[in-house]
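Novice: The structure follows.
The values are calculated or read from the model by the stated rules, or taken from the named source; none is laboratory data. What you see is a predicted model; the values in this text were computed from it and never measured. Neighbour counts are summed over all protein chains in view; Cβ atoms, including those assigned to glycine, are modelled from backbone coordinates with ideal geometry. When the accessible area is computed, the model is the full protein with side chains, heavy atoms only, and any ligands, DNA or RNA have been set aside. Shrake-Rupley method; radii C 1.70, N 1.55, O 1.52, S 1.80 Å.
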Amino acid sequence: MANKTVTLTDNSTGKTTELPLLNGTCGTPVLDVRSLNKELGCFTFDPGFKATASCQSEITYLDGAKGELLYRGYPIEQLAEQCSFLEVCYLLLHGELPNEQARDEFVANISSHTMINEGLRVFLDGFRYDAHPMAIMTGVVGSLSAFYHDSLNIYDPEQRMMTAHRLIAKMPTIAAAAYKHSIGEPAMYPRNDLSYTGNFLYMMWGRPTEAYEPDPVAEKALDVLFLLHADHEQNASTSTVRLAGSSQTNPFGAIAAGTASLWGPAHGGANEAVLRMLDEIGSVSNIDKFLARAKDKNDPFRLMGFGHRVYKNFDPRAKIIKKMAHKVLENYGDDPRMELALHLEEIARKDDYFVKRNLYPNVDFYSGIIYQALGIPYNMFTVMFTIGRTVGWIAHWMEMVSDPKMVIGRPRQLYTGHGPRDVPSLKKR
Ligand code: ACO
């Protein structure tokens, strides 16, 4: 993989080392610094991992400059057009798209795991009525390790796959149960005669007292949204899952850590923040005022749903979601926030501040408008992201754990605290 090297010299000692430059299948080459401490006696310093590849991976590739996203080599646009979310789950877990038979077996397998242990339903009931659903998700996902002891051996590939199937299958059940808890309605048991997304809609909107059939427009829109959120290489939550998992903890614990990371407004929580921001802006006439705030370095306000660590071009997922938002609104009726979002995007993309910094709408900018059209409340938006991203987290966790060279993740630091000193007696402090 390495055909070039980079020579580094420590000017104070004159010592030199050659570091291999590694080339992946696509993308920026990576300098292998593993021998640096041994050779030159120093570490690298890169807060936020802005210039650091934390691992080697075969799952997802994204080119931020081109605005390109590939799952296992397939462009996201083609997958969204031609595949279902569960086919993409199979692709991420197994590396190839399923044929018809493999797809049917996979769908049947996932369906067979949609129920949650009855004990978990009691656990869910213990949360306060106004708990944020992401708080419930984080807690309940972590607690799965207390219920599914037969799939906790991380070195057994069959148990790993069993955990993958369980997590993909149970996330919608837990998510819908969290929602039902917040509105004081009974959690619905899953219906395995429905599609993955259809069943989720049923568990969200169905009631034991009446019949419910999911609307195909909503079913398709959510399926595409789950697919678009399924993976995004080494983002904060996936890196969290990898770091937590690298200690050989059980997968449910690692995925719970990823869920907690996703909740933050700089990551998966942004979709909720976008809608709150649009409500606050209120009308097109206020856009300039809010843009000025976003540009003011003394104001913590940022344009939510704009900007991305890697994309310095239009996020390809946002393009698909924007189109889909129009389609969904045609069916469910206009939302004035769509007009507002379109104006905001247009004005921001002509503004020097955003142009110079390559700040474009990201995946979260238009997704909330679709969720709202489907009746999904704000505090469930990040939960929707969690359902989609679960498969990506597991695919990365499986890739890491199945590597015989896996080591615990343990970054170093640049220490700037006190040097060694003696503890003074109580009277002298
Ligand atoms: N509004 C205003 N200014 C912004 C924004 C924004 N949304 N995003 C970045 N900037 C500015 C920064 O202030 C910085 O300006 P400077 O160079 O003058 O200091 C410059 O653009 C670069 O931004 P960074 O913060 O260095 O970029 P980083 O890669 O660290 O952050 C992030 C990326 C967190 C996504 C950021 O763009 C942001 O906060 N966006 C809003 C929140 C959001 O939408 N998050 C969802 C991301 S997608 C996802 O996780 C699914």
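Novice: Among LYS66/LYS350; LYS4/LYS50; LYS289/LYS322; LYS4/LYS312; LYS50/LYS295; LYS170/LYS405, which pairs are too far apart, with a Cα-Cα distance over 29 Å?
Specialist: Check vs 29 Å cut-off fails for LYS170/LYS405.
Novice: Here's a follow-up. Name the shape class, rounded, prolate or oblate, that the alpha-carbon gyration tensor gives for segment 260-362, where a ≥ b ≥ c are the square roots of its eigenvalues, rounded holds for a/c under 1.5, and otherwise prolate holds if a/b is larger than b/c and oblate otherwise.
Specialist: It comes out rounded by the Cα gyration axes.
Novice: Follow-up question, since we're still on this one. Say R0 is 56 Å: what FRET efficiency, to the nearest 0.05, do SER402 and ARG276 get from their beta-carbon distance?
Specialist: After rounding to 0.05, the efficiency reads 0.85.
Novice: How high is the relative contact order of segment 151-205, in percent, counting Cα pairs under 8 Å that sit 6 or more residues apart?
Specialist: It comes to 26 percent, rounded to a whole number.
Novice: Given a Förster radius of 41 Å and the C-beta distance between GLU81 and GLN159 as r, what FRET efficiency does 1/(1 + (r/R0)^6) yield to the nearest 0.05?
Specialist: Given R0 = 41 Å and the Cβ-Cβ separation, E is 0.75.
Novice: With a cut-off of at most 15 other beta carbons within 10 Å, and DSSP calling the residue loop, which GluC sites (Glu not before Pro) in segment 47-153 qualify? Please list them.
Specialist: Counting only loop positions with at most 15 other Cβ atoms within 10 Å, the GluC sites (Glu not before Pro) in segment 47-153 are GLU58, GLU96.
Novice: Suppose every Lys and Arg Cβ carries +1 and every Asp and Glu Cβ carries -1, with no other charges. What dipole size does segment 1-110 come out with about its Cα centre, to the nearest 20 debye?
Specialist: Here the size comes out at about 620 debye.
Novice: For a quick check of your reading of the filter: which trypsin sites (Lys or Arg not before Pro) in segment 357-415 sit in a DSSP loop and have no more than 13 other Cβ atoms within 10 Å?
Specialist: Hits after loop and neighbour filter: ARG357, LYS405, ARG412.
Novice: Only helical DSSP H runs with n ≥ 4 go in: add -39500 (n - 2.57) per run for the chain, normalise by residue count and round the 222 nm mean residue ellipticity to 500 deg cm²/dmol.
Specialist: Mean residue ellipticity, 222 nm, calculated: -15500 deg cm²/dmol.
Novice: Distance between the C-alpha centers of segment 269-343 and segment 105-140? Whole Å please.
Specialist: Cα centres, segment 269-343 to segment 105-140: 31 Å.
Novice: Evaluate the relative contact order of segment 180-257 (contact order divided by residue number), counting alpha-carbon pairs under 8 angstrom at least 6 apart; express in whole percent.
Specialist: For segment 180-257, the relative contact order is 18 percent.
Novice: Let me ask something else about it. Can you sort TYR189, TYR61, TYR202 by solvent-accessible area, 1.4 Å probe, largest first?
Specialist: My answer, sorted largest first, is TYR189, TYR61, TYR202.
Novice: Could I ask something else about it? Any idea which of PHE147, ALA131, VAL217 is furthest toward the positive side of the dipole for the chain, if Lys and Arg beta-carbons carry +1 and Asp and Glu beta-carbons -1?
Specialist: Highest projection toward the positive end goes to ALA131.
Novice: For the pair TYR378/CYS26, report the inter-label distance in nm, with labels modelled 7 Å from Cα in the Cβ direction.
Specialist: Between TYR378 and CYS26, the label points sit 3.7 nm apart.
Novice: Starting from the Cα gyration tensor of segment 194-348, take the square roots of the eigenvalues, sort them a ≥ b ≥ c, and report rounded, prolate or oblate (rounded when a/c is under 1.5, otherwise prolate if a/b is larger than b/c, else oblate).
Specialist: Oblate.
Novice: When the Cα centres of segment 56-78 and segment 365-422 are compared, how far apart do they sit, in Å?
Specialist: 18
Novice: May I pose another question? Can you give the extra length, in nm with one decimal, that the chain gains between TYR353 and TYR212 once fully stretched, where that is 0.36 nm per residue apart less the Cα-Cα distance?
Specialist: Between TYR353 and TYR212, full extension yields 45.9 nm more.
Novice: Given Cα pairs under 8 Å that are at least 6 residues apart, what percent is the relative contact order of the chain?
Specialist: Across the chain, relative contact order equals 19 percent.
Novice: Can you tell me the orientation of helix 85-94 relative to the chain, as the angle in degrees between its alpha-carbon axis and the longest Cα principal axis, to the nearest 10?
Specialist: Result, in degrees: 30.
Novice: Still on this structure, I have one more. Run the quick spin-label model on PHE43 and ASP422: label points 7 Å from Cα toward the beta carbon, then report their separation in nm to one decimal.
Specialist: Each label point is offset 7 Å from its Cα along the Cβ direction, giving 3.0 nm.
Novice: Right, something else. Non-local amide H neighbours of LEU22 (under 5 Å, H modeled in plane, Pro and chain starts lacking H): which ones?
Specialist: VAL30, LEU31, ASP32
Novice: With the cut-off at 1.5 for a/c, could you classify segment 110-247 from its C-alpha gyration tensor as rounded, prolate or oblate?
Specialist: Judged from the Cα gyration tensor, segment 110-247 comes out prolate (a/c at least 1.5, a/b above b/c).
Novice: Still on this model: By how many nm would the segment from VAL122 to ALA135 lengthen if fully extended, with 0.36 nm per residue of separation less the alpha-carbon distance?
Specialist: Length gained between VAL122 and ALA135: 3.1 nm.
Novice: Considering the options LEU36, GLY307, GLN78, tell which one lies farthest towards the positive end of the dipole of the chain, charges being +1 on Lys and Arg and -1 on Asp and Glu at the Cβ, about the Cα centre.
Specialist: LEU36
Novice: Rank-order 147-155, 315-323 by packing density, defined as the average count of other C-beta atoms within 10 Å over each peptide's residues, highest first.
Specialist: 315-323, 147-155
Novice: Return the distance in nm (one decimal) between the two label points of a simple spin-label model at ASP104 and ALA292, each offset 7 Å from Cα along Cα→Cβ.
Specialist: 6.4
Novice: Send over a whole-number figure in Å² for the accessible area per residue of the chain, probe 1.4 Å.
Specialist: Ligands and nucleic acids excluded, the result is 50 Å² per residue.
Novice: Compute the normalised compactness of the chain: alpha-carbon radius of gyration over 2.2 N^0.38 Å, N being the residue count.
Specialist: In units of the globular-protein estimate, the chain measures up at 1.06.
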